[in-house]
1. Could you give me the residue pairs with C-beta distances under 8 Å whose first residue belongs to the range 60-77 and is within 18 Å of Leu37 (Cβ to Cβ) and at pLDDT below 80, whose second residue is among the charged types (D, E, K, R) and surrounded by 12 or more Cβ atoms within 10 Å (Cβ to Cβ) wherever it lies, and which are 6+ apart or on separate chains?
2. Residues in the range 33-47: is at least one surrounded by 10 or more Cβ atoms within 10 Å (Cβ to Cβ), touching a helix residue (DSSP H, G or I) at 6+ places or on another chain (Cβ under 9 Å) and part of a loop (DSSP other than H, G, I, E, B)?
3. Can you name every residue in the range 1-27 that is among the hydroxyl-bearing types (Ser, Thr, Tyr) and surrounded by 10 or more Cβ atoms within 10 Å (Cβ to Cβ)?
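The values are calculated or read from the model by the stated rules, or taken from the named source; none is laboratory data. Please read all numbers here as calculations on a predicted model, not as lab measurements. In this analysis, Cβ positions are derived from the backbone assuming ideal geometry, glycine residues included, and neighbour counts consider all displayed protein chains.
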Amino acid sequence: MTSRTTPEIRARIAELEARLTRLERDGTEVRAELDSLRREAAAARLRVPAYSTSAESTTPTTSAEKVRLFRSLFRGREDVFPTRFVSKKNG
């Protein structure tokens, strides 16, 4: 581990904060474009797979994630709707 001077540490922190800001801005722009394209696909009744990466868990853990997944699977499908929910744990 190399010892850095205070100005070097401050400069590196500023550099990384600027990079993080750019990445967050890019992420926001990409999400907005992706949402727009998904709305277009839904309007055209195109089936588009849900977004996932290997870094993300494929199983939703929170109620909000489960609802988001459910809604993404049935978005634009007026011919498909749930009639009941069956729990794997207690039937």
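1. So the pair list comes out as Arg75/Arg38.
2. The answer is yes, given that some residue of the range 33-47 is surrounded by 10 or more Cβ atoms within 10 Å (Cβ to Cβ), touching a helix residue (DSSP H, G or I) at 6+ places or on another chain (Cβ under 9 Å) and part of a loop (DSSP other than H, G, I, E, B).
3. First, the residues of the range 1-27 that are among the hydroxyl-bearing types (Ser, Thr, Tyr): 2-3, 5-6, 21.
Once the filter is applied, which keeps residues that are among the hydroxyl-bearing types (Ser, Thr, Tyr) and surrounded by 10 or more Cβ atoms within 10 Å (Cβ to Cβ), the range 1-27 yields only Thr21.
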